[in-house]
Amino acid sequence: MASAKSNLKPCSLELGGKSPIIVMDDCPNLTQAVTDSFHAIFWNAGQCCSAASRIYVHEKIFDKFLAETLQMVKERKLGDPTQPNVHQGPQVSKNQMLQVLEYIDLGVLEGAKICCGGGRWGDKGFFVQPTIFIDVKDDMRISKEEIFGPVMCLYKFSTLEEALSRANDSSYGLVAAVFTKDVHTALKAAGELETGLVWINTYNVLGPSIPWGGIKLSGHDKELSEYCLGSFTRVKTVVINYKL
């Protein structure tokens, strides 16, 4: 942005996020919703721009969703990520590990409840335990700020309108997802979620034809698809008087 300000260089930004997932009580496959939500935040130890760190689950299925998620955490193996039986490696640096742990401590101080994890894993390397918070308020810092680590915040909601309002209450707007079997619910959510991309009944489905990029503090312009070409090309207009 500084270079763009100094001499008007074009600047395309793909930044981070605080991406939400909304799981309705009519989701077609709860186990699949749990699995997709789990990998959406814990993949690569949470070090991913599209990490879904805010999971809004309908109150009717919240307890079952939490129980299945906790079971997946129990089965998760941390260690050397080059080994085939390991699911999660370390944070990228000591400073990053310490920052994630600081956010976890902050969440506790703010009043959220830890259901699992909450600390460092082992005494070698920069590993952080997969951590799940419940009883999280929307104005807590762990709800507002990008942690960039394996920290999931779970929220209960009652109506779609409530979930959409809370999901949009963010400075970020990269991606989002909705799990529902109702096509009208899906289309309403897709239209109202303030993000650059919305998945329905899936997560992190990418491809060269799918535009990628966010809004708000998640950046602007697009990568992938034909929409990215505008960042690398210029339109020139030529007008010819063919009568001469």
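The values are calculated or read from the model by the stated rules, or taken from the named source; none is laboratory data. Computed from a predicted model, the values in this text were never measured in an experiment. Reconstructed Cβ throughout: ideal geometry from the backbone, glycine too, with neighbour counts over all protein chains shown. Each accessible area value is taken on the protein alone, full model and side chains, heavy atoms only, with ligands, DNA and RNA left out. Shrake-Rupley method; radii C 1.70, N 1.55, O 1.52, S 1.80 Å.
Taking R0 as 35 Å, what FRET efficiency do you get between Asn204 and Lys94 from their Cβ-Cβ distance, rounded to the nearest 0.05? Plugging the Cβ-Cβ distance into 1/(1 + (r/R0)^6) gives 0.80.
Ligands, DNA and RNA are left out, and with a 1.4 angstrom probe the accessible area of the range 129-173 is 37 Å² per residue. Distance between the C-alpha centres of the range 11-79 and the range 179-244: 23 Å, rounded to the whole angstrom.
The residues of the range 1-82 expose, per residue, 47 Å² of accessible area to a 1.4 Å probe. Find, among the trypsin sites (Lys or Arg not before Pro) in the range 49-108, those assigned to loop by DSSP (not H, G, I, E, B) with at most 13 other beta-carbon atoms within 10 angstrom. Sites meeting the loop and neighbour criteria: Lys60, Lys77.
Which of Lys77/Lys137; Lys94/Lys137; Lys18/Lys144; Lys18/Lys124; Lys77/Lys113 have a Cα-Cα distance over 18 Å? Cα-Cα > 18 Å for Lys77/Lys137; Lys94/Lys137; Lys18/Lys124; Lys77/Lys113; rest within. Express the carbon and sulfur contribution to the solvent-accessible surface of the range 6-88 as a percent, rounded to the nearest whole number, probe 1.4 angstrom. For the range 6-88, the apolar C and S fraction of the accessible surface comes to 53 percent. Within straight-line reach of Lys216, meaning a Cα separation under 12 Å, sit the following aspartates and glutamates at least 8 residues removed in sequence or on another chain: Glu14, Asp169, Glu194.
For the range 150-244, applying the loop criterion from DSSP together with a ceiling of 13 other beta carbons within 10 Å to the trypsin sites (Lys or Arg not before Pro) yields Lys181, Arg234, Lys236, Lys243. Straight Cα distances below 20 angstrom link Lys9 to the lysines Lys222, Lys236, with same-chain residues fewer than 8 positions distant left out. In this label model, Leu30 and Ser165 are separated by 2.7 nm, measuring between points 7 Å along each Cα→Cβ vector. If you take the square roots of the eigenvalues of the alpha-carbon gyration tensor of the range 1-91 and sort them as a ≥ b ≥ c, do you get rounded (a/c under 1.5), prolate (a/b over b/c) or oblate? Because a/c hits 1.5 or more and a/b fails to exceed b/c, the range 1-91 counts as oblate. Within the chain, the longest run free of chymotrypsin sites (Phe, Trp or Tyr not before Pro) that sit in a DSSP loop with at most 14 other Cβ atoms within 10 Å is 1-231. Each residue, Asp80 and Leu187, gets one label point 7 Å from its Cα in the Cβ direction; the gap between the two is 5.3 nm.
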